[in-house]
1. For segment 103-116, enumerate the residues that are within 20 Å of Tyr134 (Cα to Cα) and without any contact (Cβ under 8 Å) to a residue 12 or more places away in the chain.
2. Assuming Ala71 fulfils every condition listed in (1) surrounded by fewer than 11 Cβ atoms within 10 Å (Cβ to Cβ); (2) outside any loop (DSSP other than H, G, I, E, B) apart from one, which condition is it?
3. Out of all the residues in segment 84-98, is one or more without any contact (Cβ under 8 Å) to a residue 60 or more places away in the chain and exposed (fewer than 13 other Cβ atoms within 10 Å of the Cβ)?
4. Could you please give the count of residues in segment 59-78 that are free of Cβ contacts under 8 Å to residues at least 40 places away in the same chain and within 26 Å of Thr155 (Cβ to Cβ)?
5. Assigned to a helix (DSSP H, G or I), surrounded by 15 or more Cβ atoms within 10 Å (Cβ to Cβ), modelled with pLDDT of 90 or more and of a type in the set (Gly, Ala, Ser): is that true of Ala78 in this structure?
6. In segment 131-151, which residues are of a type in the set (D, E, K, R) and either at positive phi or surrounded by 18 or more Cβ atoms within 10 Å (Cβ to Cβ) (or both)?
7. Pick out the one residue from Leu162, Leu201, Leu166, Leu154 that is crowded, with 21+ Cβ neighbours inside 10 Å and part of a loop (DSSP other than H, G, I, E, B).
Amino acid sequence: MALNVSARDVGHSSTAQGRSKQPGKTAAVPAPDKLLFQLPQQVRTNLDAPLPDETSDPEAILQACALRIDAALTVQKAIEHYGNETLFRYAGPAVRLVHRSKSWQHEMDPATNKPFRGFNPWCRRMGISKSQSYRMVNEEPVADALRSLNPGPLTTEQVDVLAPVLRQHDAAHCRNVWETAKKMGGTDRKTLAKARDALALAVAEEKDDDGQEPRKGNTERPVIVRFQAGRYDRESVRAAVRTDPQLARVLALDILDELKQLEGATQTEDA
């Protein structure tokens, strides 16, 4: 079975370049490209590998079938993820434009034959779910907050983690989460969540624009290490380090950096 894919990764083209700072300037629309995604070679191999016949050893049949099924499920997940990111990238600028301009107010809702009552009903009419529309709208302020760091195109998962930090804290904290995640080795959803927790940035549940269904905030595991001057529990620190050595290493490096700065300031004052 041939699977036509290329080496182009998902999300390499930007969904948008953020809010235009110049009045009257229209947002650039991404140029169409080949919307293909990459699969590991082993997955391709398992998809194409012939299955044994029914007279083969049962264990061999089970092993071969398990590999095929697992590979097929991997492809399904990749297609779903790719579809979400493609929608985010290309529909995002259009959804944001309608949201900013409030153009939805000037269209009639076929269900009521009256102007749409809100932005979300208009999105649903267009086939965009509430969660998808929120991600698209949230991308713009997050991209603006991170602009000085040149983050590149943002993904839906990055926006999900960073948007609540931006709203409930500020742009500086949002940038701090991104920079801390980079120190940890990546800016994927999991690492960004670790960075947010390492910085003790609590995020509460939020309500949407209609005052309804809460958007999930910090649903990841709680902070495993919280530094408080004057309080120190050695056993808790040991347990935390064993639970997440990578996070502990980042915290230790940051603490050492702060100590060096303090020592340098003290020496300057003494001189």
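1. Listed by number, the residues that qualify are Ser103, Gln105.
2. It is condition (1) that Ala71 fails.
3. no
4. Going through segment 59-78 one residue at a time, the tally reaches 7.
5. Here the answer is no, as Ala78 does not meet what is asked.
6. Arg135, Glu139, Glu140, listed by residue number.
7. Details: Leu162 fails: part of a loop (DSSP other than H, G, I, E, B); Leu201 fails: crowded, with 21+ Cβ neighbours inside 10 Å; Leu166 fails: part of a loop (DSSP other than H, G, I, E, B).
Checking each option against the conditions leaves just Leu154.
Listed here are the residues, each with its yes/no results for (1) assigned to a helix (DSSP H, G or I); (2) within 25 Å of the chain's Cα centre (by Cα); (3) of a type in the set (D, E, K, R); (4) over 22 Å from Leu166 (Cβ atoms).
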site	(1), (2), (3), (4)
Gly92	yes, yes, no, no
His99	yes, yes, no, no
Thr112	no, no, no, yes
Arg117	no, no, yes, yes
Arg125	yes, no, yes, yes
Ser133	yes, yes, no, no
Pro141	yes, yes, no, no
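The values are calculated or read from the model by the stated rules, or taken from the named source; none is laboratory data. Not measured: the values here are computed from a predicted model. Neighbour counts run over all protein chains shown; Cβ positions are idealised from the backbone, glycine included.
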